[in-house]
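Before we start, here is the structure in question, set down as structure tokens.
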Amino acid sequence: MSSVTVRVPAKVNVQLSVGPLRDDGYHDLVNVFLAVSVFDEVIAKESETVSVKVEGEWTDQVPVDDGNLAIQAARALARHAGRTYGVELVIRKAIPVAGGMAGGSADAAGALVACNELWGLGLPREDLMEIAADLGSDVPFSLLGGTAVGTGRGEQLAELPTDGRFHWVFAIADGGLSTAKVYAECDRLRETRGEQVPWPQASEALLTALKKGDARALGAELVNDLQPAALSLRGSLARTLGTGQARGALGAIVSGSGPTCAFLVADEEQARQLAVALVEEGVCRTAVPAYGPVAGASIV
Ligand code: ATP
């Protein structure tokens, strides 16, 4: 086999509840993930050495050395197999970089699946999930896809069967936001306000809405504890969210650490119309209609 192509989805957090800052610098999270139909492609080609090329928009912000998460994933897989392997990775990026949609994690998951196949390792998903958890807290979900509840740092995952399909519009901003800076701003705001931060818990109403495929109920229950911090760092997002709400979105939320804004809508037609309106109003760089849940990293 000389080349393997894997398609891997972005995610939106329909609930992201952030617990108090722990002594080790992390936070306990409740993270309800939904995989959505914005896909990166990771192509693994036979090669003597390990390298990566990135194609598409925003490519200048993606490292092409060992800082690239897809390269780290390929190296981790080779270590796990106890051998030295080479691969030329090509990433076709559609997921915004530093956009709060887990694009880097998606590429890492894509590289794991593609190299497992290219190198003929035949490792089962459970092994890939273990390697994924060491690479980053969102990587296991990028492998799994669908809908899942993450706890701990987000890496302990329980699948959540859901009914139906949810339609979204993702308003992609100019430039990214650093996840680390958004968490730091969240801690700073909480400290300034003297907030007592509760232990994060999954919202029963939200899980029920997801299970039933009830978009209206889900829209009312969307939670993102990082949203105040993302808005504090990027004030313009308030107008983006407000525009989507005024145009009839069932729910409007910053996606993960932002700056992408996610709008839940009733159907495909409303998604198409809202995407056009958001761009026309000049509140984002591009707007992408999508749906979820979709499968995790898959060979095409
Ligand atoms: P999350 O939602 O998981 O917090 P994000 O979607 O906000 O993450 P990413 O797109 O994963 O952010 O990128 C975060 C940083 O990771 C980028 O600024 C980039 O320097 C680095 N990075 C490393 N590898 C990749 C990759 N393959 N694709 C994108 N960014 C990568």
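From (1) part of a strand (DSSP E or B); (2) within 22 Å of Val254 (Cβ to Cβ); (3) within 13 Å of the ligand (Cβ to nearest atom); (4) modelled with pLDDT of 95 or more, pick out the condition that doesn't hold for Lys53.
(2)
Another question, then. What residue, among those in the stretch 1-44 that are of a type in the set (Ser, Thr, Tyr) and surrounded by fewer than 20 Cβ atoms within 10 Å (Cβ to Cβ), is farthest from the chain's Cα centre (by Cα)? It would help to see each step written out before you state the result.
Narrowing the stretch 1-44 to residues of a type in the set (Ser, Thr, Tyr): 2-3, 5, 17, 26, 37.
Those still in the list that are surrounded by fewer than 20 Cβ atoms within 10 Å (Cβ to Cβ) too: 2-3, 5, 26, 37.
Details: Ser2: 29, Ser3: 26, Thr5: 20, Tyr26: 18, Ser37: 11 Å.
It comes out as Ser2.
Still on this model: Please tell me if Gly67 is within 10 Å of the ligand (Cβ to nearest atom), at pLDDT 95 or above and under 21 Å from the mean Cα position of the chain (by Cα). Steps first, please.
Working: within 10 Å of the ligand (Cβ to nearest atom): yes; at pLDDT 95 or above: yes; under 21 Å from the mean Cα position of the chain (by Cα): yes.
When the stated conditions are applied, Gly67 passes them.
Limited to the stretch 257-300, what total is found for residues that are among the small types (Gly, Ala, Ser) and over 28 Å from His27 (Cβ atoms)? It would help to see each step written out before you state the result.
Here is the first cut: in the stretch 257-300, the residues among the small types (Gly, Ala, Ser) are 257-258, 262, 266, 271, 275, 277, 282, 287, 290, 292, 295-298.
Going one step further and asking which of them are over 28 Å from His27 (Cβ atoms), we end up with 266, 271, 275, 277, 282, 287, 295, 298.
Looking only at that region, the number is 8.
Further, regarding this structure: Quick one: count up the residues across the stretch 199-228 that are part of a loop (DSSP other than H, G, I, E, B) and either in contact (Cβ under 8 Å) with a residue 60 or more places away in the chain or among the acidic types (Asp, Glu) (or both).
Applying the first criterion (part of a loop (DSSP other than H, G, I, E, B)) to the stretch 199-228 yields 199-203, 213-214, 222, 225-226.
Going one step further and asking which of them are either in contact (Cβ under 8 Å) with a residue 60 or more places away in the chain or among the acidic types (Asp, Glu) (or both), we end up with 199-203, 214, 222, 225-226.
Result for the stretch 199-228: 9.
Here is a follow-up. If I go through the stretch 250-278 residue by residue, how many of them are of a type in the set (Gly, Ala, Ser) and either within 16 Å of the ligand (Cβ to nearest atom) or closer than 14 Å to Glu221 by Cα (or both)? Talk me through it step by step, then tell me what you get.
Restricting attention to the stretch 250-278, the residues satisfying the condition of being of a type in the set (Gly, Ala, Ser) are 251-252, 255-258, 262, 266, 271, 275, 277.
With either within 16 Å of the ligand (Cβ to nearest atom) or closer than 14 Å to Glu221 by Cα (or both) added as a condition, the list becomes 251-252, 255-258, 262.
Looking only at that region, the number is 7.
Six or more apart or on different chains, Cβ atoms under 7 Å: show the pairs whose first residue is in the stretch 40-56 and under 19 Å from Ile299 (Cα atoms) and whose second is modelled with pLDDT under 95 and polar (S, T, N, Q).
Within 7 Å, the pairs are Lys45/Ser2; Glu46/Ser2.
From the set of residues in the stretch 229-245 that are small (Gly, Ala, Ser) and part of a loop (DSSP other than H, G, I, E, B), which is surrounded by the fewest Cβ atoms within 10 Å (Cβ to Cβ)? Even if it seems obvious, please write down each step before you answer.
Kept after step one, since they are small (Gly, Ala, Ser), are these residues of the stretch 229-245: 229-230, 232, 235-236, 238, 242, 244.
Subsequent filtering for residues that are part of a loop (DSSP other than H, G, I, E, B) retains 235-236.
Values: Gly235: 9, Ser236: 12.
Of everything passing the filter in the stretch 229-245, Gly235 is surrounded by the fewest Cβ atoms within 10 Å (Cβ to Cβ).
Also, quick follow-up: Please go through (1) more than 16 Å from the ligand (Cβ to nearest atom); (2) touching a residue at least 12 places away in the same chain (Cβ under 8 Å) for Leu237 and return the number of the only condition it doesn't satisfy.
If we test Leu237 against (1) more than 16 Å from the ligand (Cβ to nearest atom); (2) touching a residue at least 12 places away in the same chain (Cβ under 8 Å), just (1) comes out false.
With the checklist (1) within 11 Å of the ligand (Cβ to nearest atom); (2) at pLDDT 95 or above in hand, flag the one item Glu88 doesn't pass.
(1)
Hey, can you tell me all the residues within the stretch 246-265 that are within 15 Å of Gly282 (Cα to Cα), surrounded by fewer than 23 Cβ atoms within 10 Å (Cβ to Cβ) and not basic (Lys, Arg)?
Listed by number, the list holds a single entry, Ala246.
Consider the stretch 16-28. How many of its residues are within 15 Å of the ligand (Cβ to nearest atom), in contact with a strand residue (DSSP E or B) (Cβ under 8 Å, 6 or more places away or on another chain) and either part of a loop (DSSP other than H, G, I, E, B) or closer than 14 Å to Gly100 by Cβ (or both)? Lay out the reasoning, then the answer.
Taking the stretch 16-28 as the starting set, the residues that turn out to be within 15 Å of the ligand (Cβ to nearest atom) are 16, 18, 26-27.
Checking the rest, the ones that are also in contact with a strand residue (DSSP E or B) (Cβ under 8 Å, 6 or more places away or on another chain) come to 16, 18, 27.
Filter again for either part of a loop (DSSP other than H, G, I, E, B) or closer than 14 Å to Gly100 by Cβ (or both), leaving 16, 18.
The number of residues fulfilling the criteria is 2.
When residues of the stretch 73-86 are filtered for being assigned to a helix (DSSP H, G or I) and out of contact with any helix residue (DSSP H, G or I) (no Cβ under 6 Å at 6 or more places or on another chain), how many remain? Can you show your working first?
Going through the stretch 73-86, the residues assigned to a helix (DSSP H, G or I) turn out to be 73-81.
Filter once more, keeping what is out of contact with any helix residue (DSSP H, G or I) (no Cβ under 6 Å at 6 or more places or on another chain): 75, 78-79, 81.
Final tally of qualifying residues: 4.
Among the listed residues Ala246, Ala230, identify the single one that is at pLDDT 95 or above and in contact with a helix residue (DSSP H, G or I) (Cβ under 6 Å, 6 or more places away or on another chain). Lay out the reasoning, then the answer.
Details: Ala246 fails: in contact with a helix residue (DSSP H, G or I) (Cβ under 6 Å, 6 or more places away or on another chain).
Result of the check over Ala246, Ala230: Ala230.
If the Cβ limit is 6 Å and pairs must be 6+ apart or interchain, which residue in the stretch 256-267 that is farther than 21 Å from Arg153 by Cα pairs with which residue that is of a type in the set (S, T, N, Q) and within 12 Å of the ligand (Cβ to nearest atom)?
Cβ pairs passing all conditions: Ala262/Ser255.
Could you please give the count of residues in the stretch 123-137 that are within 17 Å of Ala102 (Cβ to Cβ), acidic (Asp, Glu) and surrounded by 15 or more Cβ atoms within 10 Å (Cβ to Cβ)? Reasoning before the result, please.
Here is the first cut: in the stretch 123-137, the ones within 17 Å of Ala102 (Cβ to Cβ) are 128-129, 131-137.
Checking the rest, the ones that are also acidic (Asp, Glu) come to 134.
Applying the additional criterion that residues be surrounded by 15 or more Cβ atoms within 10 Å (Cβ to Cβ) yields none.
Qualifying residue count for the region: 0.
Still on this model: Inspect all residues belonging to the stretch 111-119 and state whether any of them is under 25 Å from Pro161 (Cβ atoms), out of contact with any strand residue (DSSP E or B) (no Cβ under 6 Å at 6 or more places or on another chain), modelled with pLDDT of 95 or more and within 13 Å of the ligand (Cβ to nearest atom).
Yes, that holds for at least one residue.
The values are calculated or read from the model by the stated rules, or taken from the named source; none is laboratory data. Since the structure is predicted, the reported quantities are computational estimates derived from the model, not experimental observations. With ideal geometry, Cβ positions are generated from the backbone for all residues, glycine too; neighbour counts draw on all protein chains shown.
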